[in-house]
Amino acid sequence: MNQNRIVINGHTCDFDQGETILDVATRHNIYIPTLCHLKGSTPTGACRICVVEVQGRNDLVASCATPASNQMIIKTESPKVITYRKAILGLMLASGNHNCAIGSSKEESWTEFQIATLNNDYSEDLCPAWGDCELQNLAYRYQVVGRQNSHFGEAQSEESSSSMIAPEINNPFIIRDSSRCILCGRCVAACNEVQVNRAIDFGYRGNESKIIAGADDSLRHSDCVFCGQCVQVCPVGALVEKKALGHGRPWETEKIRTTCPYCGVGCQQLLHVKDNKIVKVTGVEDGSPNKGRLCVKGRFGYDFIYSKERLKTPLIRENGELRPASWDEALNLVAQKFTQIIQESGSDALAGVSCARSINEDSYQMQKLFRAVFKTNNIDHCART
Amino acid sequence: MTNSFGEFAKAKMFLVIGSNMTEAHPVAATFLKNAVQNGAGLIVIDPRRHKLVEFAQTHLPLKVGSDIALLNGIMHVLIKENLYDKQFVESFCTGFDELKATVMRYTPEAAGEISGIEPEMIVKVARELASIKPVMVCYTLGITEHTCGKNNVMSVANLQMLLGNMGVECGGVNPLRGQNNVQGACDMGALPNVFPGYQAVGDINARKKFETAWQVTNLPAHNGLMIPQMMDGLVNGKVRGFYIFGENLANTEPDIHKVEHELSSAEFLVVQDIFENETTRFAHVVFPAAAWSENDGTFTNSERRVSRVRTASPPPGYAQPNWWIFKQIAKRMGHNWKSDSAQELWDNEISVLAPNLGGVKYYRIEDDGLQWPCPTINHPGTPILHTNGRFTSGKGNFAPVEWTPPAEVPDEEYPFVLSTGRRLYHYHTRTQTGRCDGLNEMLGEETADISIGDAYKMGIKQDEYIKVRSRRGEVRVKARVTPEMPDGMVWMAFHFREGNSNWLTNPAFDPNTLTAEYKACAVAVEKISA
Ligand code: SF4
Ligand code: SF4
Ligand code: FES
């Protein structure tokens, strides 16, 4: 009787064997905050922000790592849970350079703080993840101000924040700033369990604990292949895309889904576009076939389209040199020349090679031009490479 | 691919042959590695010890171009030890006796002699493959870019039919396609023998159908030329007008000297591209095209999935979508085409004319795409081909093949075998990746990969410039000494003009597909004396 039912915040929810409390809640649109949790990888229970109260148990349990079991009665936002979460958030904010919460005067409200920050958006010290940070969102949701107990706050007022631990910037794609790392371990899971590149891991112990690349070297000198998956999953500003820096905050960009232009996997990408320009690319979570994953080319190989060397006008060769021409002139020349060749030597004196990188519609149109207009089947592409 | 990427992570066993997946198809490789971490088996057949070998239970470092001998050897063991799937073979396949007659000559000893693999290893791998069901076979251009490319492909298919691994989830024969839309360009009929949807130009009914749809008469019935024949035509004058759309043939075709001679012989060459490149140097007219993310459209990936491509930025200057350019030429030659956007082309023409794509319409592929065959509007698409033994042409036909050596093999003068391909940080001739911030910083020039043993023998140090020569040309290039390489082999890419492997490669082609033998030619490696 009543098999596989649990009650969350008064709602009865069914569940499948093996689902965690978090899985069940998510499926029923009940929000539980998470930080270290990364869908599809082994739960570590590292951050404890997802704790919930289970009736009959004294301790709070991590919902991402606790399987649902029959008749559980769960509260996700009880006073006890909230107090606990606030404490965790306070510790996290205090443990690093989270200047979004400590960057302004003492007793200010969050609203004032936000306005102040907006006015100062491109200041060097402001965290690049501002507005795109799960820690910031949670601090706001639970109204936790990082100032209390913050030794970083002190440092901030005396010297510049960059003097703490210099961010790693010696590669073209990823900025790694351990001073903003909350040690949730999502990047470690992304690198080891999702992309399986095994470039980064937890290193050292206790207070010394940090994420290390190789034997505590820079990404560049590790097995890192710059797939950027760790950046995509980082909930805070510890890992950010270098190429996107200063090119727009998340609310300013439009997200456009498209397909990667490189290899035959056909990864689904989300283009972050501001003022008609791609400023960043991420993988479409849950999209097929790539389920949010990208490689270095798919994630960072988008800006060729903005190269100054792009062809911008038709060109016609004259006295050995290519010179700019109008569309009409160039199209007329080609049509006339092809007509002449067909008249003199027959349709098969024309041949064409289509493009295996361009869209289907282009290849269709080109073969139609050759077959229906030129009357030749001399159309091919590098089909076998 | 007969199967889909979505099955990778669930598969129990992989055979990867001629595919350096972590560099050429990195995201596909992640799913394969996930499966291995969850306990799946992996056998890698490849001359190089590439990254995936770290994850493999068995690596067979065969000699370049000996695939058929090795696969025949494996099938020999499967038949001799009665390990093959008799029920599948009897119910769904024809030609078993012929296959048997051929592979029976490839004893493990004979196959081992040709491939350089110990006979015991061949027996072991055959048994491993038979011990788990299904096995998913993945391959890439290491199989196709040979003078025996077509036979290589048939050999792989023979193996999978013999093992009964066709038509099932996590099985099948899965070529990972090189370019994003090479599958689509084939589907669209950018081939000399078929209309869109693989309808043969020689078939009168197909021609009638397209004559009606396109409102023309007398569509040509004989097959057209393939690229290498076109290139010959430029020199002998049979091809007078040549139209190259988006391919940098001057760097991608084997034997650059020969290709450039051919291109410079063109009487009238039109090139349509997004950049000036080595090929536009020979053009008489250049059309500026809109690039990826500058117009709407669709790509079809290796698993036959048609996905949307969307506009993010306007094309620069006067650049225009490619389909628009073709339409304008047609107009000037007396044909007024109706469709005026990629969506109209797809929804009103392509999906109407290609039966396998009949159910694919733009409104259905807003999110995840659809995998063809998808014949009707209610069809969910087809992630796995040939289920329940239903092959396209009735039964699966074993086509036994004999091993043939590459067209050019090492000799005294050219003692190394050169094989070529792509590296992680760049794509083909770098017209795109070379213009992306950061990618050049990760890989700034071509290298020639050689083994530690060979480097030691010749006194070549890491990063030292060396000379690599073939009968076609020579390059000066940095040596990359790496444990990935076996002795006697050199491996290079074609990303950079300088040190491009195609100065060296052999323009010898598979007699059927006219695919060039990029994967094998003979070269000499020399120290440049200081
Ligand atoms: S970029 Fe990719 S390989 Fe490098 S550390 Fe991040 S997840 Fe690992
Ligand atoms: S992101 Fe990488 S793996 Fe995916 S389609 Fe693009 S090039 Fe291929
Ligand atoms: S999200 Fe559950 S412990 Fe971190």
Next item on the list: Ignore the peptide's own chain and count Cβ atoms of other chains within 10 Å of each Cβ in B:420-430; give me the average, rounded.
Entry: 3
Margin query: Under 8 Å for C-alpha pairs, at least 6 residues apart: give me the relative contact order for chain A, rounded to a whole percent.
Written below: 10 percent
Check: What share of all Cα pairs of the range B:5-176, in percent, falls into each consecutive 5 Å distance bin?
Finding: 2, 9, 19, 23, 23, 15, 7, 2, 0
Check: Taking every DSSP beta bridge that has both residues in chain B, what percent is antiparallel when rounded to the nearest 5?
Finding: 40 percent
Note to self: Suppose all protein chains stay in the model; what accessible area per residue would a 1.4 Å probe give for chain B, in Å²?
What the structure shows: 35 Å²
Notebook entry, point to check: So what's the gap between the Cα centers of the range B:260-308 and the range A:8-58, to the nearest angstrom?
Noted result: 51 Å
Checklist line | Over chain B, volume per residue of the alpha carbon convex hull, in Å³ | finding: 166 Å³
Checklist line | Percent antiparallel among DSSP beta bridges (both partners in chain A, rounded to 5) | finding: 90 percent
Notebook entry, point to check: In a GNM of chain A with a 10 Å cut-off on Cα contacts, which of A:Gly266, A:Gly40, A:Gly298 has the highest mean-square fluctuation?
Noted result: A:Gly40
Item checked: Cut-off under 5 Å, modelled amide H: who pairs with B:Phe275 long-range -> A:Leu311
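Just reorder B:Tyr363, A:Tyr306, B:Tyr243, B:Tyr198 by solvent-accessible area, largest first, 1.4 Å probe, all chains present. Could you put the intermediate results ahead of the total?
Working: B:Tyr363 150, A:Tyr306 60, B:Tyr243 0, B:Tyr198 95 Å².
Solvent-accessible surface, decreasing: B:Tyr363, B:Tyr198, A:Tyr306, B:Tyr243.
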Item checked: Mean shadow area of the protein assembly as shown over all directions, Cα convex hull, nm² -> 42.5 nm²
Next item on the list: First check a/c for the range A:315-384, with a ≥ b ≥ c the square roots of the eigenvalues of its C-alpha gyration tensor; if it is under 1.5, answer rounded, and if not, answer prolate when a/b is larger than b/c or oblate otherwise.
Entry: oblate
Next item on the list: Report A:Lys242's accessible area, 1.4 Å probe, all protein chains in place, as a number in Å² to the nearest 10.
Entry: 70 Å²
Notebook entry, point to check: For the range B:74-91, what does the Karplus curve 6.51 cos²θ - 1.76 cosθ + 1.60, with θ = phi - 60°, yield as ³J(HN,Hα) per residue in whole Hz, taken in order and with x for Gly and Pro?
Noted result: 5, 5, 4, 5, 4, 6, 4, 8, 6, 9, 7, 8, 4, 5, 5, 4, 5, 7
Checklist line | Out-of-range pairs (alpha-carbon distance over 24 Å; input A:Lys368/B:Lys361; A:Lys86/A:Lys243; A:Lys210/A:Lys255; B:Lys208/B:Lys395; A:Lys39/B:Lys133) | finding: A:Lys86/A:Lys243; A:Lys210/A:Lys255; B:Lys208/B:Lys395; A:Lys39/B:Lys133
Notebook entry, point to check: If you take every DSSP beta bridge whose two residues both sit in the range B:182-376, what share of them, in percent to the nearest 5, is antiparallel?
Noted result: 45 percent
Margin query: Rounded to the nearest 10 Å², what accessible area does B:His379 have for a 1.4 Å probe in the complete protein model?
Written below: 50 Å²
Notebook entry, point to check: Mean separation of Cα pairs under 8 Å and 6+ residues apart, divided by the residue count of the range A:315-384: what relative contact order is that in percent?
Noted result: 26 percent
Next item on the list: Could you pull out every residue, at least 5 positions away or on a different chain, whose amide H is within less than 5 Å of the one on A:Ile174? Hs are placed 1.01 Å off N in the peptide plane, and Pro or chain starts have none.
Entry: A:Lys242
Checklist line | Lys, Arg +1 and Asp, Glu -1 on Cβ, resulting dipole of chain B about Cα centre, debye, nearest 20 | finding: 860 debye
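Based on the Cα coordinates of the range B:182-376, what is the per residue volume of their convex hull in Å³?
Numbers: hull volume 26.4 nm³, N = 195.
Once divided by residue count, the hull of the range B:182-376 is 136 Å³.
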Next item on the list: Give me the accessible area of B:Trp403, 1.4 Å probe, in Å² rounded to the nearest 10.
Entry: 70 Å²
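Once A and B are treated as a pair rather than alone, how much accessible area drops out, both sides summed, in Å² to 100, probe 1.4 Å? Don't skip to the answer; put the middle values down first.
Numbers: alone 22310 and 24150 Å², together 35200 Å².
Heavy-atom accessible area buried at this interface is about 11300 Å².
List the relative contact order of chain B as a percent without decimals, with contacts defined as Cα pairs under 8 Å and 6+ residues apart.
17 percent
Where in chain A are the DSSP H helices whose C-alpha atoms run 18 Å or more along the long axis and whose mean Kyte hydropathy is at least 1.0?
On the way: long enough: A:79-95 (24 Å, 0.76); A:327-345 (26 Å, -0.19).
Passing helices, by number: none.
Per 0.36 nm of contour for each residue apart, how much would the distance between B:Asn193 and B:Tyr318 grow if the chain were fully extended, relative to their Cα-Cα spacing?
Numbers: separation 125, 0.36 × 125 = 45.00 nm, distance 3.43 nm.
Fully extending the segment from B:Asn193 to B:Tyr318 adds 41.6 nm.
The values are calculated or read from the model by the stated rules, or taken from the named source; none is laboratory data. Given the structure is predicted, the values throughout are model-derived calculations rather than measurements. In this analysis, Cβ positions are derived from the backbone assuming ideal geometry, glycine residues included, and neighbour counts consider all displayed protein chains. Surface areas here come from the heavy atoms of the whole protein model, side chains and all, with no ligands, DNA or RNA. Shrake-Rupley method; radii C 1.70, N 1.55, O 1.52, S 1.80 Å.
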